[in-house]
Amino acid sequence: MAHVGKYVLRVLKEQKKSLRWLARESGVSNSYLSQLTRAMFKATPEILIKLAPHLGVSVEQLFVEAGWLEAPKKGIARKK
C-alpha cells in the first residue's frame, strides 16, 4: 500500500512547516493527519483534495502517492 503520510511529512519538512500548521490551514484535524502519517488508514480523496493546495502539490500527485491513481509512465511514445 502506498504511504501518502510519508510524502506529506517530506513535503512539510522541505517547506519547514508543521503538521499542526497543515491541520489549521486545511481544516483537517491534527489527530487525523497524525494517524495518516503513521499509515493507520488510507486517506480519502476528499481529504487529499483539501490538503493539496496547502502542500503546494497537485491533487493528482497526492492521489498517486496514496495509491488512488497509477503514476504516469515515462518514455512511452503517444500515438498521433
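What follows is calculated from the coordinates using simple rules that are stated; it is not laboratory data. Just so you know, these numbers come straight off a predicted model, no measurement behind them.
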Discussion item. Restricting to Cα pairs below 8 Å that are 6+ residues apart, what does the relative contact order work out to for the range 4-66? Please round to a whole percent.
Written reply: 37
Fill in: Quotient of C-alpha Rg and 2.2 N^0.38 Å, computed over the chain
1.18
